[in-house]
Amino acid sequence: MSDLLTNSQLAINGGLKVRTEPQPKWPIWDETDAAGLDEALRSGWWGVVGGNPGEKIVEFERAFAQFQQAKHAVSITSGTAALEIALRACGLEAGDEVIAPAYTFIATASACLMVNAVPVFVDVEPDTYNIDPAAAEAAITPRTRAIVPVHVGGCPADLDAVTALARKHGLKVVEDAAQAHGAEWKGRRVGAIGDAGCFSFQSSKNLNCGEGGACVTDDDTLFVRCWSLHNVGRLPEGAWYEHPLLGWNYRMTAFQAAVLLSQLGRADEQARRRTENAGYLTRRLDEIEGIAPNRVDDRVTRHAYHLYIFRYDSAAFNGLPKSDFLKVLNAEGIGCGAGYTPLYRNAAFEKPDVYSAAFALGRKIDYSKVCCPVTERAAAEEAVWLYQAWLLGTTEDMDQVADAILKVQQAARE
Ligand SMILES: *Cc1c(COP(=O)(O)O)cnc(C)c1O
């Protein structure tokens with residue numbers, strides 16, 4: 001902190017950076033990962049052989065189901081594919097409506113369109129950026145079949161409210177838990193609290209193998225359907241050339257599973273460090289005017305902290321817009337991101353006619369007319385993302401984040 005007084009000139013104006021070290025290292029791996037990969041290679045069992053998935057794949061699915069406290073897990077090629085499979089497994093049909101938050105990654109909604117369902121965007125809570133249950137309820141129509149709560153940044157959405165709503169209206173709940181490995185709601189890990197949950201193992205994610213995904217569920221029927229859909233419509237006990245369902249090949253390889261198994265061995269320790277650092281960072285940021293860490297509900301017993309999200313109020317920074325705040329902060333060596341734009345604004349949703357099956361049989365939504373004010377404000381003015389690898393660092397790393405923000409504030413006010 002004392003350095004601040006002497007180094008008050010912003011790095012963007014030629015001053016000294018608060019942080020000169022590189023951004024935190026990610027991914028993290030060691031000889032365990034290399035040995036697992038080597039084992040998978042030498043086994044010759046690189047994927048499904050003679051109808052049996054490789055040993056590493058079976059082992060990973062068992063370990064991941066256990067990790068998420070789910071009865072079943074199906075390993076899949078990506079989180080996007082996992083969402084598509086889970087929605088189709090839930091029996092969604094063309095024209096059915098799926099309620100999804102507007103503040104999320106495109107796959108949450110594009111997966112709906114992939115199964116010819118109509119995504120209906122609703123707004124998020126102003127202090128968590130997770131789906132607003134009241135907005136979700138207001139969006140229910142006779143065609144609504146499912147809700148996809150997203151655990152944004154790894155912070156579980158209000159699953160009590162979402163599951164109650166689903167029970168009341170006979171809807172399926174597919175959790176988009178792509179960012180929420182190991183996260184818990186009231187002591188229970190997310191994913192199988194809803195009917196099914198989807199995870200991503202893409203490079204940036206807390207548990208990663210480059211590319212990959214999984215569906216988890218406690219429901220035996222849904223499990224068989226997900227398994228079948230990811231394995232060209234075969235059945236677990238069926239013959240190789242017997243395809244009762246129409247599925248795709250969305251199978252993971254043994255190499256991905258091998259890396260995931262060794263990564264899983266680090267997951268709890270990494271989660272503990274992220275939680276500890278996030279707690280410290282929150283205490284520091286709570287003291288800065290105009291910076292509000294997102295609220296963590298008391299019922300969240302473990303936040304996965306894929307992202308540490310805080311809300312920026314430019315009024316406390318002499319009107320400095322969020323985009324400039326980020327530029328200045330990044331120049332200080334603190335790599336923060338602006339986060340999502342409102343999903344319905346993406347060009348992919350601009351031409352509803354493209355999705356003829358969904359809109360021919362269902363409600364035709366003009367997404368250019370959708371407006372979710374909380375999402376708009378979060379995207380344009382408020383939301384700042386600090387990526388998970390930062391939280392694997394030290395208390396000094398957290399201090400650098402807070403000190404850099406204070407330095408920017410001081411400079412903005414002068
Ligand atoms: C990463 C992510 C996905 C998609 O996962 P991929 O493995 O990249 O396909 C879906 N939803 C959310 C919220 C994500 O963060």
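With the charge dipole of the chain set up from +1 on Lys and Arg Cβ and -1 on Asp and Glu Cβ about the Cα centre, the Cα lying farthest toward the positive end among the listed residues Ala196, Gln400, Tyr387 is that of Ala196. Of all lysines in the structure, those lying under 20 Å Cα to Cα from Lys369, and not within fewer than 8 positions of it along the same chain, are Lys351. Straight-line cross-link reach from Lys17 at under 16 Å between alpha-carbon atoms covers these aspartates and glutamates, not counting any fewer than eight positions away in the same chain: Asp3, Glu332, Glu396, Asp397, Asp399, Asp403.
Ordering Trp248, Ala40, Ala102 by Cα displacement along the dipole of the chain toward the positive end leaves Trp248 in first place; charges were set at the Cβ atoms of Lys, Arg (+1) and Asp, Glu (-1). In this simple spin-label approximation, Thr395 and Ala138 carry label points 7 Å from Cα along the Cα→Cβ vector, and these lie 4.5 nm apart. Largest GNM mean-square fluctuation among Gly95, Gly14, Gly339, using the chain with Cα springs under 10 Å: Gly14.
In summary, the aspartates and glutamates within cross-link reach of Lys322, defined as a Cα separation below 12 angstrom excluding same-chain residues under 8 places away, comprise Asp313, Glu381, Glu382. Helix-only arithmetic for the chain: the sum of -39500 (n - 2.57) across DSSP H runs with n ≥ 4, divided by the residue total, places the mean residue ellipticity at 222 nm at -11000 deg cm²/dmol. Modelled this way, with points 7 Å down the Cα-to-C-beta line, the labels at Ala63 and Gln9 are 5.2 nm from one another. Site pair Glu414 and Glu276 shows an inter-label distance of 3.6 nm when each label is modelled 7 Å from Cα along Cα→Cβ.
Coupling constants for region 50-57 follow from the phi torsions by the Karplus curve (6.51 cos²θ - 1.76 cosθ + 1.60, θ = phi - 60°), and in residue order they are x, x, 10, x, x, 4, 4, 5 Hz; glycine and proline get x. Going through the cross-link list Lys71/Lys186; Lys327/Lys407; Lys56/Lys205; Lys25/Lys205, which pairs have a Cα-Cα distance over 23 Å in this structure? Table pairs above 23 Å Cα-Cα: there are none. Among residues other than Met398 with Cβ under 12 Å from its Cβ, the summed charge is 0 (Lys and Arg +1, Asp and Glu -1). Site-free segments of the chain were taken between chymotrypsin sites (Phe, Trp or Tyr not before Pro) in DSSP loops having at most 11 other Cβ atoms within 10 Å, sites themselves excluded; the longest one is 1-239. For a label point 7 Å from the Cα of Lys364 along Cα→C-beta, name the residues of region 110-127 whose backbone N is under 16 Å from it. It comes to 118-119, nothing else.
Restricting the calculation to Cα atoms, every distinct pair contributes to the Kirkwood radius of the chain, found to be 22.3 Å.
Across the options Cys226, Pro236, Leu207, the greatest Cα extent toward the positive end of the charge dipole of region 31-263 (unit charges at beta carbon of Lys, Arg, Asp, Glu) belongs to Pro236.
Each value in this text was obtained by applying a stated rule to the coordinates, not by laboratory testing. Not measured: the values here are computed from a predicted model. All Cβ positions, glycine included, derive from the backbone under ideal geometry; neighbour counts span all protein chains shown.
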